[in-house]
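Every number here is computed from the coordinates shown, using simple stated rules; none is lab data. Here the structure is a predicted model, which is why all the values come from computation and not from measurement. No Cβ is skipped: glycine too gets one built from the backbone with ideal geometry, and neighbour counts run over all protein chains shown.
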């Protein structure tokens, strides 16, 4: 562990409730401090992801978003405030992160991720959280993470439901089988009329907090090496019935070797 990853007395106190956890401890907290996480979107899902990762002591958070804060965002994008309306989301989120934890470095990317820039954006980070709101971006991010051998924690929400999975298609499971890709889960983009946007259909604000917080938890688990991953499992949440369900999925395309 390098000197820059050691914990100061103030950090030891700040993260004391992590450090007393047997599965985290000082070594796990040092891993969090050394980690670099890229968050796609500073919206409904990205807001709790960024807040909880900052509070947890993740050392560097990259934020990708090309949008500005609007009044209609504030019902769910809780990292932003009324005073932030009109500001870029990456600037607003970065300021909020610095208020939460001055030990966290913020790397703003005030742009839209595309197939042309995705590989370059993903490359410097250890793990990626996708909180985007459309399939085109999700495919783009998933393909870049696959090609770059980067773990991806992908979340999505509907009006009253949400889903979450972790992707490591560049690795194999305990039986030697290649892990599934995002395209194994969603082989083709569904018709637009079947997946209306939040603006068109609406979304329960607190739902994004549930799924985004779970994304942050899965990222912390991946960094610290805790528990069982969601690789090959899609976690589904129905807010109306307060019910969780897990669906397993497998690699669908042939893998050499």
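Pick from 100, 63, 127: which is most flexible by mean-square fluctuation in a GNM of the chain where alpha carbon atoms under 10 Å apart are linked?
With Cα springs under 10 Å in the chain, the top fluctuation among 100, 63, 127 is at 100.
In percent, how large is the relative contact order of region 164-238, given Cα pairs closer than 8 Å and 6 or more residues apart? Working shown, then result.
Working: 49 pairs, mean separation 37.4, N = 75.
Result for region 164-238 is 50 percent.
Going by C-beta contacts inside 10 Å, put 138, 250, 36 in order with the fewest on the left. Don't skip to the answer; put the middle values down first.
Numbers: 138 21, 250 12, 36 16.
Taking fewest neighbouring Cβ atoms as first place, the list is 250, 36, 138.
Determine, for 188, 213, the number of other Cβ atoms within 10 Å of each Cβ, and report the residues in order from fewest to most. Could the numbers behind the result be given before it?
On the way: 188 8, 213 17.
The order, fewest Cβ neighbours first, is 188, 213.
Would you list 139, 52 from fewest to most Cβ contacts within 10 Å? List each step's numbers first, then the result.
Working: 139 16, 52 20.
Ranked by crowding around the Cβ, least crowded first: 139, 52.
In cubic angstrom, how much convex hull volume per residue do the alpha carbon atoms of region 1-97 span? Walk me through the intermediate numbers first.
Numbers: hull volume 10.1 nm³, N = 97.
Spelled out: Cα convex hull of region 1-97, divided by residues, is 104 Å³.
Would you calculate the convex hull of the Cα atoms in the chain and tell me its volume per residue in Å³? Each step should come with its number before you reach the end.
Numbers: hull volume 35.8 nm³, N = 257.
Taking only Cα atoms, the chain has a hull volume of 139 Å³ per residue.
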